[in-house]
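One structure below.
The values are calculated or read from the model by the stated rules, or taken from the named source; none is laboratory data. Values in this document were obtained by computation on a predicted structure and should not be read as measured data. Quick reminder, even Gly has a Cβ in these numbers, built from the backbone with ideal geometry, and neighbours come from all protein chains shown. Just so you know, the surface numbers come from the protein's heavy atoms only, side chains and all, with ligands and any DNA or RNA stripped out. Shrake-Rupley method; radii C 1.70, N 1.55, O 1.52, S 1.80 Å.
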Protein chains: 2
Amino acid sequence: MSKTTFFGPGPSQLYPGIDRFIQDALAQDVCSISHRSQAFKDIYKETADNLRKLIDLPDNYEVVFLPSATEAWERIVKNLVDKKSFHFTNGSFSKKFYSYSKDSGKEAINFSAPFGEGFDVSQAEIPADTEVICFTQNETSSGVNVPLKDIYSISEKNPEALVAVDVVSSLPIPAFDFSKIDTAFFSVQKCFGMPAGLGVWLVNDRCLAKAKSQEEKGVLIGPHHALPELFAKAQEYQNPCTPNALGIYVLGRVCKAMLDKGIDTLRAENEKKSTLLHDFIAESPLFTEAVEKPEHRSKTVVVANTTVPAGDLNKYLAQFDLNIGSGYGAHKLDQVRIANFPAHSVEVIEKLVEALKNYK
Amino acid sequence: MSKTTFFGPGPSQLYPGIDRFIQDALAQDVCSISHRSQAFKDIYKETADNLRKLIDLPDNYEVVFLPSATEAWERIVKNLVDKKSFHFTNGSFSKKFYSYSKDSGKEAINFSAPFGEGFDVSQAEIPADTEVICFTQNETSSGVNVPLKDIYSISEKNPEALVAVDVVSSLPIPAFDFSKIDTAFFSVQKCFGMPAGLGVWLVNDRCLAKAKSQEEKGVLIGPHHALPELFAKAQEYQNPCTPNALGIYVLGRVCKAMLDKGIDTLRAENEKKSTLLHDFIAESPLFTEAVEKPEHRSKTVVVANTTVPAGDLNKYLAQFDLNIGSGYGAHKLDQVRIANFPAHSVEVIEKLVEALKNYK
């Protein structure tokens, strides 16, 4: 790998050891063996087991592999919603989740906050017949976080509805109580520091029951990647079609490396790095906080308003082998995004802060 | 990579140099750069250009990346079929393509031949209002091939219909005249000898026009990976969501290596290896041809009836570092599948034939 450290919000810096994990996969013929072989099933099981342990996933969940988290939006909408879904939206990705439901012909209800702001979830009026309540726990476009207690409070008030949580760029940092939600999904190119091309969909038995009941009613939940088939195959450590075996293998190794380091250490380091970044923003003439309330600031994607576009800052940062992310969409020039992922060490965050302090 | 040569019908043997291409990708930060950057667009363009050149793809086609060829079935059905599709089926994969249409609520017409047999396409009665005619040019489950002239004759007789061709395990070996079809798709873990996790969808302007007209009529063609968005993004060397950048980069390098070798050489070698395998089957006490008519025998996935299951043969072949594929599904024990992909050299096919000749 080059000397550059990438702080883009994903794709981002690769987790230490990724090149070795890929070499090991090639040496062990992971990319040539049949995806129906016992050798492949063993790889799937190892990865699912390591992930389960890392995030404390209960037994009533299956670990399903998809090609991307984006696809998970469609799978959730098709499999779990017959008529009505409810969406907390405050940025590009939460809005896309909402529009996937609306554009699939469902009655999607939008509870929105302005870009860059969090929610007062107590104000959400969720109809009793809502089938799925959708959160984007970490809005990668704006750096806004939904505190877990807010998700749980909605979940507790709406026990009949399923709760779906987009954790694309936050897991495994937030310590979820998965018994209080029903499904979550992420992409590996964010906090897991991997090459893009693999999504992970965590689904519990309530979701499976809902998908099956939809199927029985004649609701079109497939044909591609219908949940009952995905779930049944996952129970055998298989996928319906040929999966990204290399990605599955590497994810298993990354989870193992994270387990060896310790999830508590990862989370403590995340807090420390988060403090370093926000303390710097508070004092910097370059930046101001893009998210006003501290409790709504993402721990993994730090977003700041900037007087200098990321493109120009990166020309300066290149001498230090550092590269940060630009703002999303319309905020490409007036915001920066700095990933605080497990692949970013405390030392490299300190180096970035130091370099940015000296920018003139 | 290990010393073993894999002849499974995909995942299969990796194309020579793949490990180096992956190392180069890591060294060049292909997995860390933003998928919206110029650097990524350059990679996409290079890969699309190399592929275009290799298979002689006309300018009215776009090269669209999907996570898998399986997903292409759903995209074709949703984007290109309002009411009626017509399917030539004679094995598991052609039947799945058919069932994707049927299970999407379309009127899917099934023109079937028995497993292991080709079609007499002159017998197909295709209704005038058929929107898409679907071929599985190389049926990976049974080793049956549809000759290109048969596809073209159907295409010429039905100029109003779009012609969709599954070339999952045959491209780039057949020399397609892409002006006689409208869309084709493949997976990279077959003839391109790559890790699984990337599909390529080749789509022409007629397909785009059809998808747009469906959209205007209110037919649900999305939300995920709707063709108008995929096509427009591909024109800018982009994907709607984060793609498998590593796979796209490696595919470009594999196409370049194939161009350097020469497509005519690859095709001539394929013929030579095919003859070696079929001459062996004709004389072998172990095997008999699974596909009776020579013109219907796949050039890339050779299938034979066997008296010894692949699992047992592989125990013997392990001493020579060789590994073949079992039969598909119900034929796991009574058939073998031997891939004849560009990654398999003439020498290694000779070695396999020699080893199998000496099996007792």
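What the table below lists for this structure:
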quantity	calculated
Residue of B:169, B:34, B:94 that the Gaussian network model of chain B assigns the largest fluctuation, springs spanning Cα pairs under 10 Å	B:34
For the stretch B:192-259, average projected area of the Cα convex hull in nm²	5.5 nm²
Shielding by other protein chains, B:20-33, mean Cβ within 10 Å	6
Most positive-pole-ward Cα, A:296, B:276, B:238, against dipole of the protein assembly as shown from beta carbon charges	B:276
The stretch A:1-151, Rg to Rh (Cα coordinates; Rh as Kirkwood inverse mean 1/r)	1.04
Integer Hz, Karplus 6.51/-1.76/1.60 couplings in order for the stretch B:117-126, x for Gly and Pro	10, x, 10, 9, 5, 5, 8, 6, 9, 9
The stretch A:1-40: C-alpha pair distances exceeding 12 Å, %	68 percent
Candidates per trypsin sites (Lys or Arg not before Pro) in the stretch B:260-350, loop by DSSP, up to 16 other Cβ within 10 Å	B:332
FRET E, pair residue A:360, residue A:260, Förster distance 56 Å, beta-carbon r, rounded to 0.05	0.85
Karplus 3J(HN,Hα) series, Hz, for the stretch A:344-360 with 6.51 cos²θ - 1.76 cosθ + 1.60 (x for Gly, Pro)	8, 6, 4, 4, 6, 5, 4, 5, 5, 4, 4, 4, 5, 4, 8, 5, 10
Orientation-averaged projected area, Cα convex hull of chain A (nm²)	17.2 nm²
Accessible surface of the stretch B:262-357, 1.4 Å probe, proportion on carbon and sulfur as whole %	53 percent
Within a Gaussian network of chain B (alpha carbon springs, distance under 10 Å), most fluctuating of B:136, B:242, B:70	B:242
Using a 7 Å Cα-to-Cβ projection, residue A:259 label spacings across copies, nm, ascending	4.5
Relative frequency of Cα-Cα separations exceeding 26 Å in the stretch A:229-350, percent	39 percent
Among A:164, A:339, A:124, residue whose mean-square fluctuation peaks in a GNM of chain A (springs only between Cα atoms under 10 Å)	A:124
Equivalent ellipsoid semi-axes, the protein assembly as shown, via Cα gyration tensor eigenvalues times 5, rooted, Å	44, 29, 24
Quarter of Cα convex hull surface for the stretch A:117-264, i.e. mean projection, nm²	10.3 nm²
Position residue B:105, label points 7 Å along Cα→Cβ, spacing to each other copy in nm (shortest first, one decimal)	0.3
Inter-copy spacing of residue A:37 label points, which lie 7 Å from Cα along Cα→Cβ, given in nm from shortest upward	3.5
Residue of chain B whose Cβ sits closest to the axis mapping B onto A, with distance in whole Å	B:67, 1
Residue-count net charge about residue A:8 - beta-carbon cut-off 11 Å; Lys, Arg +1, Asp, Glu -1	+2
Spatial separation of Cα centroids for the stretch A:1-61 and the stretch B:299-347, in angstrom	28 Å
Per-residue [θ]222 nm for chain B (sum of -39500 (n - 2.57) over DSSP H runs n ≥ 4, rounded to 500)	-12500 deg cm²/dmol
Alpha carbon centroid spacing (whole Å) that separates the stretch A:275-297 from the stretch B:156-174	56 Å
